[in-house]
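The next block holds one structure in the form of structure tokens; read it before the comments.
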Amino acid sequence: SGESGAGKTESTKLLLQHIMNLCKGNSQLEQQILQVNPLLEAFGNAQTVMNDNSSRFGKYIQLRFQKNTVQSAKLSEYLLEKSRVVQQDTGERNFHIFYYMFAGLSSEQKEIYGLLDPSLYRYISGQFGTQEVAEHWKHKYQEVCNALDMVGFQEQEQVDMQAILAGVLSLGNVTFEPEESKGSVKVSEASQGWLKAASVSHKKCASASAQSPPCGAVQGGCVEPAWCSPCADARDSIAKVAYGRVFGWIVCKINELLAENVDPEVELREIGILDIFGFENFAVNRFEQLCINLANEQLQHFFNHHIFQLEQAAYKEEGLPWETITFNNNEPVLNLLLAKPFGLLSLLDEQSAFPQATDKTFVDKLNSSFKGNLHFQPARGRVLGFSIIHYAGKVQYAARGFLEKNRDTLPANVRGLFISSITPLLIPLHTHPEPRPTLARVKCGHEARVFHRHSLMVLMERMYSANPHFVRCIKPNSHKEPGVLDNQVVLLQLRYNGLLETIRIRRDGFSWRPSFEEFAER
């Protein structure tokens, strides 16, 4: 754990290499485990203002052993930040893979996928890089291609995947205009070419029914809603779902590759490594930052429980003379966020269920519900937002978009487009009579929220049942500079992580616990 940019992902890679080395890892499986990282980073990481290679998802890697040899591995992913596909703040980039494709594809390949100059695409903010950066991306693209081959993607699957990514970029350039004769909205004439480029099956898109319900779907014909905003939302929904499907599919493929090939009767030992997005506090913090910071609050509580509560309870039980060490207990913050039925997330779900509710009614509800709560502050003036006093400090959240992102719904007619797609990767799992493990399922609305919360709950249960070792990553400075140690930045992290109290409990406590056999032998 640690702040965004503190080195969690790099530490995870080093730890994996170390474990494989201890296993004398020369087997194909052990090499494959080390080589899936370039793939995950290309599709799941992005440049942010805090970190040039920031994980925009959480991953839990389970390694299963028999006689000191890895027999299988499994990857679980949590909360991919799909909104990054359609929007990035100043100084940030989209997921790495889009830039790698522009740098690595040949002119002929770009023509096949309908890719033009990168400066034209809204979803990557028209940004590219210097020649030196482009060369680095070209090398990274080759790494991704090698990893795709190694993971076992067929050539046609790789083509489909890149066609979807190129289609997502083209889709972002589709705009809308009113069709006055019918009082509806249509795809603008200027962006018909982008629509054509975006269509995995243009024939299907263009012939799709124009009698859409008012929730808005992007199609070659008209779109029914009153004005362009619902159409733009539907366009962005398609892009986010398509990208999420590609990412989920890659994770499924990796798990097929690394699946156990052992006798089910044999009991295996397990080491799990959790590499989750770090605590974030940007100039503008949205729904995604709240989810990320909540996960970090839960991990901090787990750390406190294990290091302080269990440890001191053991000393008390043994009747040892011990002066209780106090620590910064973040349970009140977790209650503020997670309590039922009046925690922040419960109130968000309640508001999301009302069609008439807005981000403003949600904020009003928070202000009245948490009046006087020491860990909640209403925004000043007319700002639509609120602040939470987290274990790592105060974060101000902009509430615009909270309800829409929490609902995470896909209009029914947009789902219809996915269901009727001729590209297997885009078809939702539950439309097939037989389960197809290589496809990630589309989760809509309430089901998606329950799934994410449930998966994080299962993860925490798994943590509590294990014997944990904590790797606390400390960020040396706030400027992404090597070899620079900023004392104040470091001290702040040592304080809010509870590491000064941890040092005290390790120094004053009983950190070496030999067994009776070891003691007698000594």
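Restricting segment 315-370 to GluC sites (Glu not before Pro) that sit in a DSSP loop and have at most 11 other Cβ atoms within 10 Å of their own Cβ leaves 318, 323.
Reported value for segment 287-407: 113 Å³ per residue, from the convex hull of its C-alpha atoms. For the chain, the pair-distance distribution built from all alpha carbon pairs, in bins 20 Å wide starting at 0, is 19, 52, 25, 3, 0 percent.
Taking the highest mean first, how do the peptides 476-482, 30-36 order by number of other beta carbon atoms within 10 angstrom per residue? Provide the component values of the computation, followed by the final result.
On the way: 476-482: 12.3, 30-36: 18.0.
Top to bottom by mean Cβ count within 10 Å: 30-36, 476-482.
Sort out for me the Cα centre separation of segment 27-71 from segment 299-335, rounded to whole Å. Here the two parts' Cα centres lie 32 Å apart. Computed over segment 52-195, relative contact order equals 17 percent, with contacts defined as Cα pairs under 8 Å that lie 6+ residues apart.
The loop-placed GluC sites (Glu not before Pro) in segment 43-124, going by DSSP, include none that has at most 16 neighbouring Cβ atoms within 10 Å of its Cβ.
Dipole of the chain computed with +1 at Lys/Arg Cβ and -1 at Asp/Glu Cβ about the Cα centre; of 136, 391, 28, farthest Cα towards the positive end is 391.
Each other residue within a Cβ distance under 15 Å of residue 281 adds +1 if Lys or Arg and -1 if Asp or Glu, for a net charge of -3. Dipole check for the chain: with +1 at the C-beta of Lys and Arg, -1 at the C-beta of Asp and Glu, and the Cα centre as origin, the magnitude is about 960 Debye.
When you restrict to C-alpha pairs under 8 Å that are six or more residues apart and normalise by the size of the chain, the relative contact order lands at 17 percent.
The order of the peptides 328-341, 504-517 by mean Cβ neighbours within 10 Å, most packed first, is 328-341, 504-517. Grab the DSSP H runs of the chain that are 4 residues or longer, score each as -39,500 (n - 2.57), total them, divide by all residues and round the 222 nm result to the nearest 500 deg cm²/dmol. Helices in the chain give a 222 nm mean residue ellipticity of -14500 deg cm²/dmol. Would you work out what percent of the accessible area of the chain, with all protein chains in place, is carbon or sulfur (probe 1.4 Å)? Its accessible area is 53 percent carbon and sulfur atoms.
The values are calculated or read from the model by the stated rules, or taken from the named source; none is laboratory data. This structure is a prediction, so every number in the text was calculated from the model and none was measured. Counting neighbours? That spans all protein chains shown, and the Cβs are built from the backbone with ideal geometry, glycine included. These accessible areas exclude ligands, DNA and RNA; they are computed on the full protein's heavy atoms, side chains included. Shrake-Rupley method; radii C 1.70, N 1.55, O 1.52, S 1.80 Å.
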